[in-house]
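Just below is one structure, and these are the notes that go with it.
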Amino acid sequence: MELAVLALVVLALAFTGLQVGLYYHARKVAQSAARQGVEAGRQFGAGEGDGVAQAQDFLHRFGGSVRGASVSSAGSTAQEIRITVRGSVATLVPGLTLDVVQHADGPVERWSAP
């Protein structure tokens, strides 16, 4: 009896550890995609669409842990680009939903006279 209770506790701890790992991995992937998008979109002559496309490309290659990911450039201005990545995390518990939202921003490169 005591062994059965102990086994349940050990399994619960193991699955909790795995779920935490999945969450943080998805969070880092979303953050990396947002950063890639900002780097692409802030270059001289590039636009918000270039940043969004780069972030989406990154997610297609490496973002299997971010499910239903969407990328937007809402909040960008002429001086600053902002890329936001939203998605959900793969979960081990049916019915549990964990959302991930990460953003990155940076100044847009502009030509200025020396």
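Within region 76-103, can you find the residues that are exposed (fewer than 13 other Cβ atoms within 10 Å of the Cβ) and either over 26 Å from PHE15 (Cα atoms) or of a type in the set (S, T, N, Q) (or both)? Across region 76-103, the qualifying residues are THR77, ALA78, GLN79, THR97. Do you know which of the residues in region 42-89 that are aliphatic (A, V, I, L, M) and in a helix (DSSP H, G or I) is farthest from GLY106 (Cα to Cα)? Here the residue is LEU59. Here VAL100 passes the criteria (1) at pLDDT below 85; (2) touching a Lys or Arg at 6+ places or on another chain (Cβ under 6 Å) except the one numbered (1).
If the requirement is being surrounded by fewer than 19 Cβ atoms within 10 Å (Cβ to Cβ), in contact with a strand residue (DSSP E or B) (Cβ under 9 Å, 6 or more places away or on another chain) and not hydroxyl-bearing (Ser, Thr, Tyr), which of these qualifies: GLY106, GLY41?
Only one candidate qualifies: GLY106.
The values are calculated or read from the model by the stated rules, or taken from the named source; none is laboratory data. As the structure is a prediction and not an experimental result, all values here were calculated from the model. FYI the Cβ positions are ideal-geometry reconstructions off the backbone, even for glycines, and counts take in every protein chain you see.
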